[in-house]
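Worksheet: one structure, shown below.
The values are calculated or read from the model by the stated rules, or taken from the named source; none is laboratory data. What you see is a predicted model, and the numbers here were worked out from it, not measured in a lab. Methodologically, a virtual Cβ is constructed for each residue, glycine included, from the backbone with ideal geometry; neighbour enumeration extends over all protein chains shown.
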Amino acid sequence: MTTLSKRVAVVTGAASGIGRNLAFQLAEAGAHLALVDVDDAGLKVTADEAAKRGGSDLRVSTHLVDVSDRGAMAALPEAVVAEHGAVHVLVNNAGIAVEAGFHEHSLEDWDRVLGVNLWGVIYGCHFFLPHLAQADEAHIVNISSIFGVVGVPGNAAYCASKFGVRGLSEVLWEELRDSHVHVTVVHPGGVNTNIVASSKHTDPESHARVVAFFNKKTMPASKAAAQIVRAIRTNQPRLVITRDAEWADRIKRALPVRGNRIFANMMLKAMGLEGVLKKRQAAALGRKPS
Ligand SMILES: NC(=O)c1ccc[n+]([C@@H]2O[C@H](COP(=O)([O-])OP(=O)(O)OC[C@H]3O[C@@H](n4cnc5c(N)ncnc54)[C@H](O)[C@@H]3O)[C@@H](O)[C@H]2O)c1
């Protein structure tokens, strides 16, 4: 985008983490904001701080919307346009995780994760595209994950949703090529947010290890948000965030099967989860753990 000043940006999942920091930085760049989340209190905190950072001309609206709710998402663009007059930037960021073996995922877990992480992005693109098309310049950002590039044990529904976001985004690159609607797909590695702490999990001990890893060894959300804002400004189609994720992306491309195993092992080791994988595998196959 040539400028973010006076543009209207919709950010889903704006009550926390990457979405909240994106809201702050888009406000600082002069963009008006439509902030979307299911967490009313968190949305208000983000909106108040963004309004401070953006100055007196900035318009901030909040929308208490569940991105997995088709009807609510269908109504969202009209609400945003009624408030702001146009839409230029859509960031499909809202996301949730379930940390469990495949055999431990209930079908409701699949519905919930695919509902928010994949359908939420589909609805965002589907319902906002006609409005973005009317702008002189527009940008869609879809937040996938490095788990949308590599399959990591304990994350079946999450990985499936993020691979889906990647597929959708790569199709949009081509279908919208050479148009005024640009598309960025983002594949972050570990970013220090609430996503892991708030995830549903089946093994409290391994969950505690994952949370500890995330609190210590991951990138601040403000830094990840800064890279995403830069990608919007420069119309960058693909953004991989964190060194580990860049490395995983390269090794996966060079060695599609073995590279997957190498990265999965690295993640399990870093979080101390090798034993959990063995335990889950035995349970899935109806065997005693070795
Ligand atoms: N943190 C990481 O390490 C990491 C890595 C890769 C990708 N991501 C992705 O980044 C995005 C942002 O996550 P985050 O890490 O900032 O997590 P977060 O938990 O801090 O923020 C996610 C936000 O989404 C909101 N949300 C959840 N369900 C929703 C729904 N149904 N409708 C509307 N809003 C909903 C939550 O209330 C929350 O405010 C997610 O898509 C996540 O999968 C995060």
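Observations on the structure shown:
- Top-ranked residue of the range 231-290 - restricted to ones that are free of Cβ contacts under 8 Å to residues at least 40 places away in the same chain and touching a helix residue (DSSP H, G or I) at 6+ places or on another chain (Cβ under 7 Å), ranked as nearest to T184 (Cα to Cα): I251
- Some residue of the range 74-85 being within 14 Å of the ligand (Cβ to nearest atom), more than 17 Å from the chain's Cα centre (by Cα) and buried (at least 19 other Cβ atoms within 10 Å of the Cβ): yes
- Beta carbons closer than 7 Å, at least 6 apart along the sequence or on distinct chains, pair a first residue in the range 5-29 that is away from the ligand (no atom under 13 Å from the Cβ) with a second that is among the β-branched types (V, I, T) and in a loop (DSSP other than H, G, I, E, B) for V8/V87.
- When we screen V183, V171, V152 for residues that are at pLDDT 95 or above, in a loop (DSSP other than H, G, I, E, B) and either of a type in the set (A, V, I, L, M) or within 16 Å of the ligand (Cβ to nearest atom) (or both), the only hit is V152.
- Output for the range 50-71, where each listed residue is among the hydrophobic types (A, V, I, L, M, F, W, C), outside any loop (DSSP other than H, G, I, E, B) and within 19 Å of the chain's Cα centre (by Cα): L64
- Residue match in the range 20-30 (condition: outside any helix (DSSP H, G or I), in contact with a strand residue (DSSP E or B) (Cβ under 9 Å, 6 or more places away or on another chain) and under 22 Å from V113 (Cα atoms)): no
- Residues considered: R238, R250, R280, R258. Of these, the only one that is in contact with an Asp or Glu (Cβ under 9 Å, 6 or more places away or on another chain) and at pLDDT 95 or above is R238.
- Top-ranked residue in the range 86-114 [being within 13 Å of the chain's Cα centre (by Cα) and among the small types (G, A, S); ranked as nearest to H63 (Cα to Cα)]: A94
- If only residues of the range 264-290 that are in a loop (DSSP other than H, G, I, E, B) and in contact with a Lys or Arg (Cβ under 8 Å, 6 or more places away or on another chain) are counted, the one that is surrounded by the most Cβ atoms within 10 Å (Cβ to Cβ) is L273.
- Residues in the range 187-235 that are at pLDDT 95 or above, in a helix (DSSP H, G or I) and either under 30 Å from A283 (Cα atoms) or touching a Phe, Trp or Tyr at 6+ places or on another chain (Cβ under 9 Å) (or both): S222, A225.
- Test: V45 is part of a loop (DSSP other than H, G, I, E, B) and among the aliphatic types (A, V, I, L, M): no
- Residue in the range 122-129 that is more than 15 Å from the ligand (Cβ to nearest atom) and either over 30 Å from G259 (Cα atoms) or among the acidic types (D, E) (or both) present: yes
- Hey, V67 near the ligand (Cβ under 9 Å from one of its atoms), in contact (Cβ under 8 Å) with a residue 40 or more places away in the chain, hydrophobic (A, V, I, L, M, F, W, C) and surrounded by 19 or more Cβ atoms within 10 Å (Cβ to Cβ) or not: yes
- Some residue of the range 116-135 being surrounded by fewer than 19 Cβ atoms within 10 Å (Cβ to Cβ), on the phi < 0 side of the Ramachandran plot, outside any helix (DSSP H, G or I) and not hydroxyl-bearing (S, T, Y): yes
- Residue list for the range 43-57, restricted to those being out of contact with any strand residue (DSSP E or B) (no Cβ under 6 Å at 6 or more places or on another chain) and surrounded by fewer than 20 Cβ atoms within 10 Å (Cβ to Cβ): K44, V45, D48, E49, K52, R53, G55, S56, D57
- Taking each residue of the range 34-53 that is over 14 Å from A9 (Cα atoms) and free of Cβ contacts under 8 Å to residues at least 40 places away in the same chain and looking for partners that are more than 10 Å from the ligand (Cβ to nearest atom) and charged (D, E, K, R) with beta-carbon atoms closer than 7 Å, six or more apart or interchain, yields R53/E28.
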